[in-house]
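K.L.:
Before I ask anything, let me first share the structure, which is written out below as C-alpha cells.
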Amino acid sequence: MPKKYLFRFITIIVIALFFNCKSKKMNLKEIPIEQNLKKVSKEILSPDKSKKLILSYMEDLNARKEFNYIVLNSKTKKELIRGSFIGLKMEWNNNKSIKGYLFQGIVRENYSVDDSNTYKIIQIK
C-alpha cells in the first residue's frame with residue numbers, strides 16, 4: 001500500500017511542478033547596431049601633376065567599395081571624366097588612365113588568377 005500512495009504522491013508533485021513552473025516574461029528591446037560609416041574624399045594628383053583625381057566613397061567594414069570619381073584638369077579646373085567604380089581601390093596608372101582594382105572574393109583552389117581579372121583600366125580623354 002505505501003508504494004501505491006508514494007507513487008501517486010510523486011506523480012502529483014511532478015505534474016504540479018511541471019505546470020506551475022513559469023518563466024518570467026522578458027521585454028525584448030531591439031538594440032540599434034551602429035555602423036561606423038564615414039564619407040571619405042581624396043584628391044590624388046597624376047604623375048605629371050597635370051590632372052587631379054577626386055575620389056569619394058563610404059568607409060565601412062566591407063572590403064568592396066563604391067567609388068565616385070571625377071578627373072579635373074589641374075590648371076583649368078575643367079572636368080575631364082566622371083563616373084563610378086565598384087572595387088577595392090583606385091589609383092593613377094599613367095597620365096592618361098586610372099587603374100581600378102576589382103574585388104575577387106573567395107578564389108577556388110585550382111583557379112588561376114591572371115592580371116587582367118584583377119584590375120580595370122579607365123581611359124581619360
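K.L.:
Please state which one of K38, K42, K65, K25 is farther than 30 Å from I106 by Cβ and either among the charged types (D, E, K, R) or modelled with pLDDT of 95 or more (or both).
P.N.:
Result: K25 is the single residue among K38, K42, K65, K25 that is farther than 30 Å from I106 by Cβ and either among the charged types (D, E, K, R) or modelled with pLDDT of 95 or more (or both).
K.L.:
So how many residues does segment 54-107 have that are among the hydrophobic types (A, V, I, L, M, F, W, C), assigned to a strand (DSSP E or B) and surrounded by fewer than 16 Cβ atoms within 10 Å (Cβ to Cβ)?
P.N.:
Qualifying residue count, segment 54-107: 6.
The values are calculated or read from the model by the stated rules, or taken from the named source; none is laboratory data. Computed from a prediction, not measured in an experiment: that's the story for all the values here. All Cβ positions, glycine included, derive from the backbone under ideal geometry; neighbour counts span all protein chains shown.
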